[in-house]
Amino acid sequence: FLPLVAKGFEMEIIPAHRVVAQIGGTVILTCNTTGCAFPKFSWRTQMDYPLGGIVSNNKMYSTLTMNPVSTENCNDYLCTVLCNKEKKEKSVKVELYSFPSDPVIETNTSLVVGETATVICKIHDVFPSNHLEVLLKKEEHILHIETFDGDVISTKTETITVAYSFNLATEDNGKEITCVARLQIAGMDFEPKERLTSLKLNANFGPQNTFIYASPGNSSMEGDSLKLTCVTESNPPAQVFWRKHLAKETIQHFIENNVLSIANARFTDSGQYICEVINPVTKKTEKATVNIVIQAPPKNTTLTVFPSSSVKEGESVTISCTAASVPAVQIILEKKIGDVVTTLKTEDGKYTIDKAQLKDAGKYECTFINKFGNHSLDIELVVKVPPQNITVLIYPSENVEEGENVTIMCSTYSNPPSQMILKKVNQDKEIILPSVNGTFTLYNVTKNDTGRYLLDVFNEVGNNVKVIEIAVVGKLEKTDRIMPMIIAFSCVTAIAIPVVAILIYVSRQAKINGSYSLVKALRLKV
């Protein structure tokens, strides 16, 4: 009795010849038979590596399931079928790859223009890595290409890292860096074979090219509105700080972001404004300045006299006129005495009198003029002089008879007005007569009034002394007939002469600076 041999015993593996699978996926190999009633199946790898899968035998077929597929499954698998004594084998090649995700791009924590930037591209879980090609591009410009087709054949999935460094420029900000990864295995059909990731460069730079834009311009009229805008190039946006050169206080004007607004410009708003910008990342700073001119009529005008508006004769005195205004101010200094106006030549608004005299006293007026208006200031200059040009008039004369009155009148030229005292000096005592209005009167003189008198004329600046000699003689007694006529004539003369003297005196007093009140002279004994 001969055993039955299945007629037409055949076998096949599905899929046949070659399987391409991604690591982590599932591969099922099926070994089918026909023409055999009781086939016996067995699986092995060509190099007798572990199967790395689960075998499931059925009546007419057998399966080898690999889930998940790993690098251990990259083998030639053989299915052997025994049908009685007949054996048949077929093999299938399992080829694996791993390219599961797009590249990951990393850069420095902070990218700063002018410094070295490093771009890192990572491709995770690649197999086989020796077939990987990586490109780094900036926009469409290729920065770097790297391949890994070395002699070492990878046996497991790897994370491939590619780094490239370059000097970062301002124009790089916002440009795309792209990492392109290509896994190219000849004869292996899978998708995708190329993966890419892009990243926009955020280049920190600046501040740079900072300037201040003034609207409507650097020069404005008082009362106009003015805006100063601080313009800078910076990433991230710079912090903006405003200040005014040499200003002790902070700016009181409205500031919003990078704009300083002056709603109602004043002359005092003129000056240099400074905009300081700071990049919070790079910590770099930059400054810009602008000079603002507020035009106005003459402002801050002054008229000063040094050392004082009241000086002594012979002292030096300087009259100064100053103004702070834009546009430039024309300064005119004039001396005014009544209707007489004299224009004085100044140097930088200053006029100096080397030796002041009384004629220099008077009103001085500074007029400040520009095209927007004018303004005037005046001051009175007082020149103090000691008593000068002293004139003494004695009535009726230095030689008088007992019982007569002697009037001494004194006129002088001084500023401030002089005071006068009359002194009589002898061995025993000194007699002082005060004066008002420059007049001294000796009543009912006696021989005791004979002597030397000192007339002291003085003010705060100085004094002048005049010496007067008075001689008193006894009365002459006459009894002839013509005495009444002489007496009468003398009386008339005595009356007329004082009147004339008084008129002369009043006329002179009108020319004297200062005034005195007339009081009755007293004779004082000291």
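Summary of computed values
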quantity: Sequence-distant residues sharing a close amide H with residue 286 (under 5 Å, placed H); calculated: 277
quantity: Amide hydrogen neighbours beyond the local backbone of residue 115, cut-off 5 Å, H modeled; calculated: 168
quantity: Rounded to whole Hz, the Karplus (6.51, -1.76, 1.60) HN-Hα couplings of the range 331-344, x for glycine and proline; calculated: 10, 10, 10, 10, 10, 10, 10, x, 8, 8, 10, 10, 7, 9
quantity: Rounded to 10°, Cα long-axis angle of helix 483-509 versus longest principal axis of the chain; calculated: 10 degrees
quantity: The chain, relative contact order [Cα under 8 Å, separation at least 6], %; calculated: 7 percent
quantity: Over the chain: helical MRE at 222 nm, DSSP H runs n ≥ 4 each giving -39500 (n - 2.57), nearest 500; calculated: -2000 deg cm²/dmol
quantity: Approximate spin-label separation residue 196-residue 316, in nm, with each point projected 7 Å along Cα-to-Cβ; calculated: 8.7 nm
quantity: Whole-Hz couplings from phi, Karplus 6.51/-1.76/1.60, listed for the range 293-301; x for Gly and Pro; calculated: 10, 9, 7, 7, x, x, 10, 6, 7
quantity: Placed amide H near residue 18: partners under 5 Å, 5+ positions off or other chain; calculated: 93
quantity: Above-threshold pairs, the threshold being 29 Å between Cα atoms, out of 248/363; 175/227; 59/193; 312/429; 248/284; 40/93; calculated: 248/363; 175/227; 59/193; 312/429
quantity: Net charge contributed by nearby residues that have their C-beta within less than 15 Å of residue 463 (K/R +1, D/E -1); calculated: +1
quantity: Heavy-atom accessible area per residue - the chain, 1.4 Å, Å²; calculated: 58 Å²
quantity: Shape category assigned to the chain from the gyration tensor of Cα positions, a/c cut at 1.5; calculated: prolate
quantity: Residue 245 paired with residue 108, simple spin-label distance in nm, labels 7 Å along Cα-to-beta-carbon; calculated: 3.6 nm
quantity: Ordering of 138-147, 192-201 by packing [mean C-beta count within 10 Å, highest first]; calculated: 192-201, 138-147
quantity: HN-Hα J in Hz across the range 194-199 - Karplus 6.51, -1.76, 1.60, θ = phi - 60°, x for Gly and Pro; calculated: 9, 10, 8, 9, 10, 9
quantity: Inter-site label distance for residue 423 and residue 176 at 7 Å from Cα along Cβ, in nm; calculated: 11.4 nm
quantity: Difference of contour (0.36 nm per residue) and Cα-Cα distance, residue 266 to residue 65; calculated: 63.3 nm
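The values are calculated or read from the model by the stated rules, or taken from the named source; none is laboratory data. None of the values given here were measured: they were computed from a predicted structure. Using ideal geometry, Cβ is built from the backbone for each residue, glycine included, and neighbour counts are taken over all protein chains shown. Ligands, DNA and RNA are stripped out before the accessible areas are found, and what is left, the full protein with its side chains, is counted by its heavy atoms. Shrake-Rupley method; radii C 1.70, N 1.55, O 1.52, S 1.80 Å.
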